[in-house]
Each structure stands twice: as C-alpha cells, then as structure tokens.
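The values are calculated or read from the model by the stated rules, or taken from the named source; none is laboratory data. Remember, predicted model here, so these are calculated numbers, not experimental data. Backbone-built Cβ (ideal geometry, glycine too); neighbour counts: all protein chains shown.
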Amino acid sequence: MGIRLYQEPHLRNPILVASWPGIGNIGIIAVDALRGVLEAEEFGEIEPEDFFYPKRVLIKKGVLEYLEFPNSKFYFKRTEAKDMIFFAGEEQPTERGRMYAEGKKAYQMANLVLDVAEKFKCRRVYTSGAAVALTHHTTKPRVWAVPNSESLVPEISGYKNTVLMSDIEGRGGHGNITGLNGLLLGVAKKRGFEGICLMGEIPVYLQGLPLSYPRASKSVLEVLSQSLKIQVKLDKLDELDREVERSIEEFYQQIPLEIRGQLDRLRHVAYAQPTEPGPITEEEQKKIMEDVEKFFKKRGGGG
Amino acid sequence: MNPVYPITIHKEPRLGRSSLVIGWNEDMGNLGRGVTDYLNRKLKVEEFAEIEPEDFFPLGGVAVEDNVARFPDSKFYVCPEHEVVVFQSNSPGAEWHKFLDAVLYVAEHYCRVRELYILGTMLSFDAHTTPRQLLTVANSAEMKEVLGRYDLARDMDYQTQSGGRPTLNSFLLWIAKGRSIPGVSLWVPIPFYLAAMEDAQAQKKVLGFLNERMDLRIELTDLDQEIREQNERLARVRSRFPQIDDYINRLESNLMLSEEENGELIKKIEDFLREGG
C-alpha cells in the first residue's frame, strides 16, 4: 500500500488542493474544473488495491483482461502566482458499507496525501465539499470556510461570499465536516500544515438526490481563486450548471405544493451580511426542515 | 499467527505442486460449500490452516442458520495424495485485498499451488430440467487453452454494468494473475427458484470437471442419486400444484414469468423442498 510517483516535478512551495466525492460532488467538481482549466499534469497516484473494492471488470472471450479500481491521483501545475498540487480521489475508502470514509483506512489515505504534500515542501492544504443549508437553488450559494488554525480566520474573513461557521445562523461556530474532506483538514493540523476547507452551500432538499450541484462548485472556485490569487475561466461550470438546473427544476415541481410553498419562501432569503438572519424565523426554518424530511422519508431513502 | 498475514498454520503440508479449489459458503444452490464439502469428504482431507476472522467479518454476534449458530470460517484443507488443496470460506465483508492476498500467500508458500479453481454461480431463468452449463473465465490465454480439452463454455464476454461491481472471484483471479498463478473461475447458472436450496446438478457439473482435470477418480454416483431424488421431489410439486407446473412449463419453453409469478414459484418450491417434499 503506497504512493506511486511517475515523476518528481520541481515545485516552489506549492499548495495542495484535495477533494473526494460527497454530497452534490461540489468539491470534486470544483477541483476537477480547476485542474482542467489550468491543464495540470498527472504525476502520481495512491495504489488502490488496499483501499478499494474494484469498480469494473472486463472479460473478453473467456479471459479476464482487466480489473479497474477507483483512481486517487496527483496532478501539478506551475503558475506565476503559485505552484499547485491537486489530488482527486474518485471514491472515499469506506468500510462496511458506510457512505463516507472513517477509521483506519481514511486516516491512512489522508496521511499518504499529506506525505506527497510534504515531499514537495507544501505547507498549505485546501479541501472542499458541501454545506447542506436552508437555501433555495435559485440563489447564489455561499461558501462556508473552516480553517484548521485561528491564525487563518482574518484571511478567510476577507474572502467574498464566504462565511465562517460562527456566522451561520444557529450554529454558534460549531459543526462537522464528514468524510475525508474534513479528516484531511484535521490530519493536516496534526502534522503542522495550514488547512482550509471550503464548502459550497447546497439546498437541504437537494442533498439526497443523485445529482451534482455545480453552482456551488463555482462559488467554491471563486473563493479558491481569490485565496490563490489566480484567475480562471469558469465557462464549463456554467454550462454544466445549466444542464443540472433543468433536472433540479423537474424535481422541484414534483415536490407537493404545500412543501414547495414553504421552500419558495427561501428564494427571498438574501444574506447581505453573513450574520443577517433573513426573513424566515427559526420556528419557520424548523417547520421547513421537518416537512422536507417527511417528504423524503415518504419517497423512500431520500432520493 | 503469522506476523504479516492473519493466518494460523496448524500443520505444514508436504506437497509437490498442488491445485487449489476455492469455494464460498454463500453461493447460490449451495455450490461453493457443497462442492468443497464433497471434495473434503471423498478425498479425506486434513485441515491445516485458517485465516483469522477479525479483520474481515463483522463480529458483532453470530448468525443463526438452520437452527445453528454460525461463525465465519476460512479454512484450508489438504489431500497430499492427490496434491489438492481446498479453501472453504465465508466471503469477507471488508479488507478484501488483504484477505485474498492471505489466501494466495498460503497457496504459494505452503502449497506450491500451480493452478487455481474458483467456484461461482450466476442466476439463471432456465428451468431446472435444462442441463447445467459450466462457464469459465481464465486469467491468461494459456490457461484458456488448457481448458479447451473439456466440455466448457470458454468464450464469455462481460463488462461490469453501471452501478455494479466485479465479483470477489474476479478480484481473486486478478491478484493471482499479478502473481503469475494460472487460474480460472468456474460459473454455473442456477435456476432462480433453486438459488436458496441445494442444486445437486450444479455441484455434479463442477465436480465432474474437477474430477477429470485433477484425475481424482472419485465415484460421483451418490450425486446421481441426489439429483434423481431432487428431480422426483420437483416432479411431485409440479403434479400437486398445476400453477407451478404451468410456470415451469413456460420456463421450459423459454418464456419469461412476471415478477409476481417468479416470487410465487420460489416460495412454493422452497416451502415444498424444506418440508421434505
């Protein structure tokens, strides 16, 4: 079990941007889009056999030709502003049917990713994922940012369209980041890396659907570009967003009118200031959450 | 216990070059357990090693099957006379690579295995009166060539469909290929209404091949008797329940049944056979 590097590029204090699939695939789409736009070059991988069950077999004329595993790959890009390493995991190494990585395997994988970061003298790590929020799909998703050190709070406070956990209504600065997108942040802290997790908001009623949510990936990328002081074109994400938008609208119209009426009120929630509570009271928020939960239970398995 | 692999060797076998037969306890038609039990009984094997369960199976309690508490077993048996090794096991629920690696470690280091035979089943919508087929997937062109001497279907094409995953047998075959151990997975289609029961016909099909391939010289006549008895029981259920007879007739004419009809057929057959037919 280990790392396989195809080449060892010369990089100047690179930053690492890592992501795995999760709700709405927000983080992984953002990372994929960024490395695609920058034309980052693949330079290594984590060997998959001990982490994953194979995902595809190919048998031709009675002979086993190929067995394919989920990828966990490293890419690099040198730019004038920053050198970058990207890590994209096609799956989280789950154990015993759980949805997100946890336990020994997840910890091993997080450490392997950071081993590569350390080898190239990287000292800052970004991860990204989803923040399930009481928002509407027609509004621009905010980005919840969680640093692994207090010293990063002032920097994050300067990002546009970004909130800290303490800015989120009713959270009092607390929360959880499930799976490897969160775990990597913790392991990075333990090993002395700076780390920031950027989570794009996804409306609560979309979290169980087998759909990507590229609108939030775009918000994440906008914040990441600010932080990295780079400019990237996001046309492809806009295109993807338009495609997904149609499926979301179709789904939205299937929600019973009574619940949809409640959700429609979220269209008008505009968070001009991070701490502004919006025109929906806490009681009303609770009612919406309960109605959405009931609807998904009735549908069976949340999506 | 071995410091690297979670295995316990009770007694080191003395073997030249052996063949390894692998059967999983959860197979349809009880194929894996049935065939390996049969080999163990006829070849008078001796247990010599096992894989410890804690890394691979949820050990939160025990499952009860047929009134008896079961515990996951992963045991190796040897018949030095025929140079045959049998591995009978529950299929692991986690750490699959580590588990399969441990199987092949025993195969290479203690058994000098030259060939690997992995037993598997697939669901069939044919009637039980259709003769069982034996399909094979080899992990090299050379191994496929060797199989050409036997009555087998050797030209399967298959690709995992969206949302599916490869079988544990493919995973094992792939790792064996990486270690240059020639191997083949043997697949028997099992009529869907016998999936939870014994399918003696399927077991005989596999045993017939292994018998010939490994020159075991086992008399399989007792299996013929079992097949006859099961066929008689199935004939009785058909004559007692005209609806069931109609369903099986339709399957024999290559017609599909509805989901509801499939369910009814499974239930009636299972109930009847469990009650002693």
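For this structure, a couple of remarks:
- Number of the condition not met by B:ALA202 [criteria: (1) assigned to a helix (DSSP H, G or I); (2) under 16 Å from A:VAL57 (Cβ atoms)]: (2)
- Within region A:164-179, restricting attention to residues that are at pLDDT 75 or above and in contact with an Asp or Glu (Cβ under 9 Å, 6 or more places away or on another chain), the residue that is farthest from A:ARG142 (Cα to Cα) is A:GLY179.
- Residue within region B:89-108 that is closer than 19 Å to B:ASN211 by Cβ and either in contact with a strand residue (DSSP E or B) (Cβ under 9 Å, 6 or more places away or on another chain) or more than 11 Å from every other protein chain (Cβ to nearest Cβ) (or both) present: no
- Candidates B:GLY178, B:GLY183, filtered to the one that is in contact (Cβ under 8 Å) with a residue 12 or more places away in the chain and not aliphatic (A, V, I, L, M): B:GLY183
- Single condition A:TRP144 does not satisfy, out of (1) under 25 Å from A:ASP241 (Cα atoms); (2) modelled with pLDDT of 95 or more; (3) not charged (D, E, K, R): (2)
- Residue ID - modelled with the lowest pLDDT, chosen from residues in region B:58-75 that are out of contact with any strand residue (DSSP E or B) (no Cβ under 9 Å at 6 or more places or on another chain) and aliphatic (A, V, I, L, M): B:VAL68
- Subset of region B:223-270 [surrounded by 14 or more Cβ atoms within 10 Å (Cβ to Cβ) and under 30 Å from B:VAL84 (Cα atoms)]: B:LEU223, B:GLU226, B:ILE227, B:GLN230
- Residue satisfying condition, being under 16 Å from A:ILE3 (Cβ atoms), among the charged types (D, E, K, R) and crowded, with 17+ Cβ neighbours inside 10 Å, within set A:ASP50, A:ASP83: A:ASP50
- For region B:118-132, the set of residues classified as more than 14 Å from chain A (Cβ to nearest Cβ) and touching a Gly at 6+ places or on another chain (Cβ under 8 Å) consists of B:LEU119, B:THR121, listed by residue number.
- Residue within region B:158-177 that is assigned to a loop (DSSP other than H, G, I, E, B), closer than 16 Å to B:VAL21 by Cα, of a type outside the set (Lys, Arg) and within 13 Å of the chain's Cα centre (by Cα) present: no
- A:GLY27 being touching a strand residue (DSSP E or B) at 6+ places or on another chain (Cβ under 7 Å) and within 14 Å of chain B (Cβ to nearest Cβ): no
Yes/no per residue for (1) surrounded by fewer than 18 Cβ atoms within 10 Å (Cβ to Cβ); (2) assigned to a helix (DSSP H, G or I); (3) among the charged types (D, E, K, R):
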position	(1), (2), (3)
B:MET1	yes, no, no
B:ASP37	yes, yes, yes
B:SER91	no, no, no
B:TYR105	yes, yes, no
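- Criterion applied to A:GLY208, A:GLY175 was being without any contact (Cβ under 8 Å) to a residue 40 or more places away in the chain, small (Gly, Ala, Ser) and part of a loop (DSSP other than H, G, I, E, B), and the one residue passing it is A:GLY175.
- Taking the criterion of being touching a residue at least 60 places away in the same chain (Cβ under 8 Å) and surrounded by fewer than 18 Cβ atoms within 10 Å (Cβ to Cβ), the only residue of region B:50-81 that qualifies is B:PRO80.
- Residues considered: A:TYR75, A:TYR66. Of these, the only one that is more than 8 Å from chain B (Cβ to nearest Cβ) and more than 29 Å from B:ALA141 (Cβ to Cβ) is A:TYR75.
- Taken across region A:55-62, residues that are crowded, with 18+ Cβ neighbours inside 10 Å and on the phi < 0 side of the Ramachandran plot do occur, with at least one present.
- Hits in region B:143-173 (condition: closer than 22 Å to B:VAL103 by Cβ and more than 7 Å from every other protein chain (Cβ to nearest Cβ)): B:MET143, B:VAL146, B:LEU147, B:THR167, B:LEU168, B:ASN169, B:LEU172
- Scanning region A:169-207 for residues that are small (Gly, Ala, Ser) and under 21 Å from A:LEU237 (Cα atoms) yields a single hit, A:GLY200.
- Screening A:LYS233 against (1) surrounded by fewer than 18 Cβ atoms within 10 Å (Cβ to Cβ); (2) at pLDDT 90 or above; (3) among the charged types (D, E, K, R) leaves a single unmet condition, (2).
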